[in-house]
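Single-structure report; data block below.
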Amino acid sequence: MVTIPHTTMTLAYVTGPTAPSRLFSGSWSLSHPPAAQLDMASLRFAFLLLSLSCCPAVVWTATQNLTCGQRPLLDSPGASRVVGGHDAEVGAWPWQVSIQKDSRHFCGGSIINSKWVLSACHCFYPMPVVSRLWVVAGQRVLSASEDSSQRRGVRRLVLNKGYNKVTHDNDLALLQLTEPLSFSLYVQPVCLLTREEEEAGLELCFISGWGTTTYKGMAVDVLQEAEVQLIPMETCNQWDWYGGILTQHMQCAGNEAGGIDTCQGDSGGPLQCYNEDLDRFYLVGVTSFGEGCASVNRPGVYARVSRYYSWVQYTQDQVRSGVASIQPWLLLTGLTLCTMVQL
Ligand code: ARG
């Protein structure tokens, strides 16, 4: 079990056409997940073992239910090759969403299941009017009206209470959608790592987003992608790199020579890596910050998703079980939790 803060600040609103009046509510929870929280991976494994002993049809059904990280429209990634990227193919990153305010893209995010999207905390400051936020999935060209596109409102925005505006630690937010997404060739959930050790099986890694292609440059209309290497923390935190400011909840990615990186507007979006044995993509990082963009020895820094598996599950469980209560005054406290950083 990881030791990051599990406390969350929940901003809960009801929005969208079915709820014209905004229900302004917030909730605060300071409890930790139960020590004996069920480990879904073990449960699934146990279920598979059990199923194996009775009938293969059950195994097939169970496997189908585990679908994530797959790209129905593309073959497995070859060794082919955002700053330094190129246009993504149709259906290349079906979990990538554009988070928009008043129809204007401002951050990325990743679909983790039909009702939840994972993004970055710093994307949501100053505190947004949640009823003006939209999540757009299945889109590749932002200005186009694509048939594959699905647009959803945001029912709840949950910020990781451990976010630190100075260190950018715990830069994560969860968005609950007003209506579930329907999975298609263009809209799919990404897989989540349940433990840090699972990062070991990952090979090819990619970043994607609609952010700027140069530092302080112009944002793009067509989703960009680039292959990157995961950079070990010992390297990234060296004195002539980030000089010790990074924490173990972060992951650096880029290439040693610079030139390939995420940039402004890519925040919240995925750093995704392919597991060849399982033929799936896993969400390894959430785009968080960097010094400049694509500079030598200053790669992109990502929130290391494997460290937050229990926070992600716990948050959803809390919301599903209705633990979130209405305490609007705590919204004010929330304003200080997360600050927009121009990095
Ligand atoms: N903070 C930026 C954003 O809000 C992301 C910056 C990523 N920077 C980098 N050099 N990789 O979009």
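Of Cys236, Cys273, all but one fail to be within 13 Å of the ligand (Cβ to nearest atom), at pLDDT 95 or above and open to solvent by less than 10 Å² (accessible area, probe 1.4 Å); the exception is Cys236. If we scan segment 179-192, do we find a residue that is touching a helix residue (DSSP H, G or I) at 6+ places or on another chain (Cβ under 9 Å), open to solvent by 10 Å² or more (accessible area, probe 1.4 Å), away from the ligand (no atom under 12 Å from the Cβ) and within 21 Å of Leu118 (Cβ to Cβ)? Yes, because at least one residue in segment 179-192 is touching a helix residue (DSSP H, G or I) at 6+ places or on another chain (Cβ under 9 Å), open to solvent by 10 Å² or more (accessible area, probe 1.4 Å), away from the ligand (no atom under 12 Å from the Cβ) and within 21 Å of Leu118 (Cβ to Cβ).
Against the list (1) of a type in the set (Asp, Glu); (2) surrounded by fewer than 21 Cβ atoms within 10 Å (Cβ to Cβ); (3) touching a strand residue (DSSP E or B) at 6+ places or on another chain (Cβ under 9 Å), the condition Asp266 fails is (2).
Scoring Gln316 on the criteria (1) buried (at least 19 other Cβ atoms within 10 Å of the Cβ); (2) modelled with pLDDT of 95 or more; (3) out of contact with any helix residue (DSSP H, G or I) (no Cβ under 8 Å at 6 or more places or on another chain) leaves a single failure, condition (1).
Take the conditions among the charged types (D, E, K, R) and either out of contact with any Lys or Arg (no Cβ under 9 Å at 6 or more places or on another chain) or in a loop (DSSP other than H, G, I, E, B) (or both) and apply them to Glu227. Does it pass? So Glu227 does not fit the description; no. For segment 247-256, give me the residue count where each residue is surrounded by fewer than 20 Cβ atoms within 10 Å (Cβ to Cβ) and either within 13 Å of the ligand (Cβ to nearest atom) or assigned to a strand (DSSP E or B) (or both). Of the residues in that region, 1 qualify. Total residues in segment 141-169 satisfying the condition of being among the β-branched types (Val, Ile, Thr), open to solvent by less than 60 Å² (accessible area, probe 1.4 Å) and either within 17 Å of Arg104 (Cβ to Cβ) or part of a loop (DSSP other than H, G, I, E, B) (or both): the figure is 3. Just checking, how many residues over segment 90-111 are open to solvent by 20 Å² or more (accessible area, probe 1.4 Å) and under 23 Å from Leu192 (Cα atoms)? Total satisfying the criteria: 1. For segment 204-224, the set of residues classified as assigned to a strand (DSSP E or B) and away from the ligand (no atom under 16 Å from the Cβ) consists of Val222 only. If you check Gly259, Gly285, Gly265 for being part of a loop (DSSP other than H, G, I, E, B), within 13 Å of the ligand (Cβ to nearest atom) and within 17 Å of the chain's Cα centre (by Cα), only one passes: Gly265. Summed over segment 296-310, the residues that are touching a strand residue (DSSP E or B) at 6+ places or on another chain (Cβ under 8 Å) and either within 14 Å of the ligand (Cβ to nearest atom) or open to solvent by less than 10 Å² (accessible area, probe 1.4 Å) (or both) give a count of 8.
Condition check ((1) among the β-branched types (Val, Ile, Thr); (2) modelled with pLDDT of 95 or more) across all residues:
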{"residue": "Asn255", "(1), (2)": "no, no"}
{"residue": "Gly269", "(1), (2)": "no, yes"}
{"residue": "Asp279", "(1), (2)": "no, no"}
{"residue": "Val286", "(1), (2)": "yes, yes"}
{"residue": "Tyr302", "(1), (2)": "no, yes"}
{"residue": "Gln327", "(1), (2)": "no, no"}
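The values are calculated or read from the model by the stated rules, or taken from the named source; none is laboratory data. As the structure is a computational prediction, the values presented were derived from the model and not from experiment. Please note: Cβ atoms are built from the backbone with ideal geometry, for glycine as well, and neighbour counts cover all protein chains shown. Note: accessible area is taken over every heavy atom of the protein model, side chains too, but ligands, DNA and RNA are not part of it. Shrake-Rupley method; radii C 1.70, N 1.55, O 1.52, S 1.80 Å.
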